[in-house]
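Inspection log for the structure reproduced underneath, given as structure tokens.
The values are calculated or read from the model by the stated rules, or taken from the named source; none is laboratory data. For clarity, every value in this text was computed on a predicted model and none was experimentally measured. Don't worry about glycine lacking a Cβ; one is built from the backbone with ideal geometry, like all the others, and counts go over all protein chains shown.
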Amino acid sequence: MRARTAVFIPVRLGSSRLPGKALLDLAGKPALAHLIERLQLARVPEFVVVCTTTDSGDDPVEDLSRSVGARVFRGSRDDLLARFLGAARAENVDLIINVDGDDILVDPEQVDVVGRVLLEGKQTSFNVRDSRLELRLWG
């Protein structure tokens, strides 16, 4: 039986460097919408979960995410690991592919490569930098 696989995108609007960047308009739609739509092109993950906070200021993240077909989990503002754990439990996910909310140019094919290798058990961690896939074994 194949592991239930999903992409998790951590997003919150309260960034100190560029507040609201996930909702900034890029070519006629919010940056987060571009990211979700790109990730929905990947074939290995079954679905995309936007992991945002329970802060009311992040309500627009939930609304936008659902409008483009992503699932949403809301959890701790300060504890991302707890947010991911809650989302994994709520969605019954076995394998998480984490894509940062500001990585709007992520390549869906690289997401599939990561997912396939993780599902095969050959690797436990990946790091994607500057459109190159770096493989690192942790543990």
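Numbers for the structure displayed
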| read-out | value |
| --- | --- |
| Scope segment 108-130; condition of a type in the set (S, T, N, Q), under 17 Å from the mean Cα position of the chain (by Cα) and either over 19 Å from Glu37 (Cβ atoms) or at pLDDT below 85 (or both); matching residues | Ser125, Asn127 |
| Cross-chain or 6+ apart pairs with Cβ under 8 Å, segment 10-25 first and closer than 16 Å to Asp103 by Cβ and modelled with pLDDT of 95 or more, then among the basic types (Lys, Arg) and not in a loop (DSSP other than H, G, I, E, B) | Pro10/Arg83 |
| Cross-chain or 6+ apart pairs with Cβ under 7 Å, segment 65-79 first and in contact (Cβ under 8 Å) with a residue 12 or more places away in the chain and surrounded by 17 or more Cβ atoms within 10 Å (Cβ to Cβ), then of a type in the set (Val, Ile, Thr) and assigned to a loop (DSSP other than H, G, I, E, B) | Arg74/Thr54; Gly75/Thr54 |
| Residue within segment 46-60 that is of a type outside the set (Lys, Arg), touching a helix residue (DSSP H, G or I) at 6+ places or on another chain (Cβ under 7 Å) and in contact (Cβ under 8 Å) with a residue 60 or more places away in the chain present | no |
| Whichever residue in segment 26-44 is aliphatic (A, V, I, L, M) and free of Cβ contacts under 8 Å to residues at least 40 places away in the same chain and, among such residues, is surrounded by the most Cβ atoms within 10 Å (Cβ to Cβ) | Ile36 |
| Residue selected from segment 93-124 under the condition over 11 Å from Val7 (Cβ atoms) and polar (S, T, N, Q), by the criterion surrounded by the fewest Cβ atoms within 10 Å (Cβ to Cβ) | Thr124 |
| Unmet requirement for Leu135, which otherwise passes all of (1) at pLDDT 90 or above; (2) aliphatic (A, V, I, L, M); (3) not in a helix (DSSP H, G or I) | (1) |
| Selection status of Phe47, surrounded by 14 or more Cβ atoms within 10 Å (Cβ to Cβ), modelled with pLDDT of 90 or more and more than 23 Å from Gly20 (Cβ to Cβ) | yes |
